Amino acid sequence: MQKLHLGRSELPMDVIEEYLDSLRGIYTVEAYDLWRHNCNNFSNDFATFLLGKGIPSHITNMPQAVLDSPFGQMIMPTLTQQINANKRGGNILGIEQQTPGSSVKPQSELHRPLGKVHTVSSLGQLDELLGKFDKACAVVFFTSATCPPCKTLYPLYDELAGEIGERGVLIKVDTSQAFDVGSRYSISATPTFITFLRGQQENRWSGADPSALRGNVQLLVQMAWPPHPHQALNLPTFSNPSADYVTFANSPPLPKLLAKMGTTAAHPAVQSIKAFIESRSSDGPAETTLPDLAAFTSLVRSSLTTLPTDLLFTIVDLLRCALIDPRVSGYLAEEQPVPHRTITSILTHVTTTLSPTTCPYALRLVTLQLSCNLFTTPLYPPEILAYPPLRTAITQLLSSSFLDDAHTNTRVAAAGLLYNVALANSRKRRGGPGDLLPEHDQVELAASVLEAITQEETSVEALEGMLLGLGWLVYCAPLDGEVADLLRIMEAGGVVLGKGKGEGVGKGLGLRITATHAWRNLEQRFRDVVGDIHDTLIGISLDPRLMPNSAGYLDVAQRHVHSGASTPSLRSRDGTVPPHARVDGGGNVRVVVRVRAFLPREIHREAECLIHMDPISQQTTLLVPNDFDPANARARSRKVLEEKSFTFDNSFWSHDPEDEHYATQEDVYDSLGEEFLDHNFEGYHTCIFAYGQTGSGKSYTMMGTPDHPGLIPRTCEDLFERIAAAQDETPNISYNVRVSYFEVYNEHVRDLLVPIIPHQPPYYLKIRESPTEGPYVKDLTEVPVRSLHEIIRYMRIGDNNRTTASTKMNDTSSRSHAVFTIMLKQIHHDLETDETTERSSRIRLVDLAGSERAKSTEATGQRLREGSNINKSLTTLGRVIAALADPKQQRRPGSSRKDNTVVPYRDSILTWLLKDSLGGNSKTAMIACIAPLRTTKKRSPRSVTPTQAKRIRTRAVVNQIDAVSAAERDAQISGDGGRRSGRCSSWWATRGAREKDAREAEERLEEYQARVRGLQLSMAERSLFAEG
């Protein structure tokens, strides 16, 4: 026997084990052949991976040399018969085939990393370990060298450490050595366990019960790392942990490919790779020996500068074909001495040396496919995510490739590469806390693919790949991360759901729809993907500020919002408004427009802003698209040939932070929100709603982010700050704040503050209209709140309920409008006369669905076409705005009814409920949010609706009840109670009348009951105030 020393490998053992796992699909029992596929082939491949060179050729060729000898020819028939018999018996020369139920461990359990139990002997060491895991969890095992029960738990403790991994730390303390540790925690017996959760002691128990130890540790980890909301959803597309990576295994005609190389094709390294690819294709990987990969990779790197640019794709494509073999990709994953030198050189050349305009289509395409084939080995995914030069190059390649509108294949390959990267990162996310892919790269990729999804109109395959890539990127992503903020700002749920609407998938993509079975299967599969991704985005859409346990909650709840307005007590010290000052002379709906900043993707391609705002005249101009910007190709095709200008009450330039006129979130609130809160304290109803297309910044303006809160959190905080200041200055005024939260979906109203009962259909509320209060929601929950924390808690409850309903119904989000209302009541108590004066106001904040669902409205208000892909509420809203903007609606109240156009409030639940806000007793503002680019269909006419809204006039009044004495209040309540009893008797007496009369009587009864309840509530509040 000859023993050869081939060299020493510097590769770590875990990398070697992963490579061995990747060979299991090649060196199988069925593929074993004593002469052609034996231990020598395996040794040669393994040595090439470890050292960069194989075993000596005389050893590799020894079996064939024996076969060619006279002795080999003589014994060949006997050996062949024996091998075939062994194969039929299920084993080959003693190698037993694994069968179900055998004791052989599955592949995933063969190389499970052992957990590390940290042994400490002093307080300093323990405190240092606990400090490192103060955001996670820790278990401290107090043991002793003379404790036999403790030793029985050592194997289980080691096993638990392996299961926890990076999610926590398991510590062992020997009390016979670490006296100070035992003294601090008063350890009197062993074994004793103490657990810590986020830096605080959580639990303590004693005894050698393995079940108790395992159960407590598992519960602790569950508390430290609770399940992500996505894990509670039924998402077949993303809940499969064994999803396959996308690879490109087809090989082109190699002689034709090499013919394009010129003289390079004759190089020995090229010929060896050609022979390897052909042999692998014809004989299978089991029959193929690796070529000299070091020589070939060196040739590839040199060809980047020697081959002409238009022919460079040939040698890259050759490497792409070889990479389909995991042994080749595994070799490149551990390339030495410079890590990933070959792959990084190719990617850098394509993304940096060559610009997007000079890089040939064929080179970019095969580079994308080559990058996908890197995922054939388990060694490469973590390297791609963790190695900065390689990760940056792939991110740049993806961002630039999604821009290629001219070549569908490029976008398909880019979608496949994004899918692989996102899937690899998602698997790391499943295995433990944290991501391998840095957050800034995730934001860049998410922004790029969202824009690509918005613009994709020609290829179902490309669109499906983009959607799946986005889904894996988002699945189980941190709710308080920058990716979640980006998805909320860009309203990703609406973008995705819009791609699955219409009569067919192909209709929305401009494809010819056929009635074939294959097309129906494609459409159904596409809709399933859209549904799963939409539910994934809904699962991440919870705002972190609405989650008390999130890091962003306290930041927002404790952040000071600057307000230059005086407190209500300084503006109205006696808390009353004289009758002549209670009616507003009339005012138009206030309309402001805001343009958002460029997204990272738009900055990368140096896009041009097509919006101009004049800070003096408040004029907003839509510019003509630049012919040289590829992003404006669609706008040019629609013949956008002239500028269009509009003048609004305010034009907020939030595009360039370096501009001196840049409008921050605080500027928007100071200009609009603060003024409307002043009106609320004066007793006026107000309403603010954001209107705009998906991705235009509506959610950012209304809700904002933890670092940049929007109108809603700033309004809530300023409200309670003013109340606190006013109560110190004018103690004779009490304040009562109540909130409600409901959703309009598919022309139904649902209370979002009422818990959802599983497996039961949602309960929808009825709409009623009162002559005094206008339309209202019957039985809507109104809860009292006393602080910002409480109001945020109820917002969170409502959002959770809205999200749950959305995950059960595919199209909920597209037709869902949320209305959050704050009721403010100010009760002024005159201490001298014992009289009270009440002033009530309502703050209505409306979150509309993305307006790209509705048809654009022209200046004449033609917005009548409703289809399956149009939101009825938004369509009717446009019609109502157009009708109210008609000059005939501005006549005096005494004008002839025939002269007035009927406003279609009741054509939609949303417009019916907003009747007072749009044209009645309210001061109303519309925030028109626009994007800086014209990248979606017919965007410019969208500004017509805000222009019409400017012409709407409302007639707001101060909602105040004049001074009433205690005796008068008691008499009024008693009288109304008697009338209520009379109404009840009358109603029951006429229950056999016609159904219409019964409904009218019921509504009158409900109105009287509501009025009496309101008087009783006011009386109770006045009494409590007098007693306190």
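The values are calculated or read from the model by the stated rules, or taken from the named source; none is laboratory data. Here the structure is a predicted model, which means the values were calculated and not measured. Quick reminder, even Gly has a Cβ in these numbers, built from the backbone with ideal geometry, and neighbours come from all protein chains shown.
Where helices (runs of 4 or more DSSP H) sit wholly within the range 255-345, those with at least 2 residues that are closer than 30 Å to THR357 by Cβ occupy 293-306, 312-322.
Restricting the first member to the range 126-146 and to residues that are under 21 Å from LEU156 (Cα atoms), and the second to residues that are of a type in the set (Phe, Trp, Tyr) and part of a strand (DSSP E or B), the beta-carbon pairs closer than 6 Å and six or more apart or on different chains are ALA138/PHE196; PHE141/PHE193.
So that you can scan it fast, the table gives a plain yes or no per residue for (1) modelled with pLDDT under 90; (2) within 20 Å of PRO600 (Cβ to Cβ):
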residue	(1), (2)
GLU383	yes, no
LEU397	no, yes
LEU403	yes, yes
ASN409	no, no
ALA413	no, no
GLY416	no, no
ASN420	no, no
GLU439	yes, yes
GLU444	yes, yes
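Here PRO356, PRO382 are screened, and the one residue that is in a helix (DSSP H, G or I) and surrounded by fewer than 18 Cβ atoms within 10 Å (Cβ to Cβ) is PRO382. Candidates LEU220, LEU293: the one that is farther than 24 Å from GLU335 by Cα and surrounded by 13 or more Cβ atoms within 10 Å (Cβ to Cβ) is LEU220. Looking across VAL505, VAL449, VAL496, one residue alone is surrounded by 22 or more Cβ atoms within 10 Å (Cβ to Cβ), modelled with pLDDT under 70 and not assigned by TED's automatic domain parsing to the domain that holds ALA690. It is VAL505.
Checked against the criterion of being in the same structural domain as ALA415 (by TED's automatic domain parsing), touching a strand residue (DSSP E or B) at 6+ places or on another chain (Cβ under 9 Å) and surrounded by fewer than 16 Cβ atoms within 10 Å (Cβ to Cβ), the candidates GLU278, GLU287 yield just one match: GLU287.
Assess whether ASP435 counts as being of a type in the set (Asp, Glu), under 18 Å from the mean Cα position of the chain (by Cα) and outside any loop (DSSP other than H, G, I, E, B).
Details: of a type in the set (Asp, Glu): yes; under 18 Å from the mean Cα position of the chain (by Cα): yes; outside any loop (DSSP other than H, G, I, E, B): no.
Spelling it out, it is not the case that ASP435 is of a type in the set (Asp, Glu), under 18 Å from the mean Cα position of the chain (by Cα) and outside any loop (DSSP other than H, G, I, E, B).
Of all residues in the range 669-710, those satisfying the criterion of being in contact with a Gly (Cβ under 6 Å, 6 or more places away or on another chain) and of a type in the set (A, V, I, L, M, F, W, C) are MET702, MET703.
Within the range 280-326, being more than 17 Å from GLN369 (Cα to Cα), basic (Lys, Arg) and at pLDDT 90 or above holds for one residue alone: ARG301.
Let's see how each residue does on (1) within 30 Å of ASP435 (Cβ to Cβ); (2) exposed (fewer than 14 other Cβ atoms within 10 Å of the Cβ):
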site: GLU128; (1), (2): yes, yes
site: LEU153; (1), (2): no, no
site: TYR157; (1), (2): yes, no
site: THR175; (1), (2): no, no
site: SER183; (1), (2): no, yes
site: SER188; (1), (2): no, yes
site: ASP209; (1), (2): no, no
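Inside the range 656-690, residues that are surrounded by fewer than 20 Cβ atoms within 10 Å (Cβ to Cβ) and not charged (D, E, K, R) make up a count of 6.
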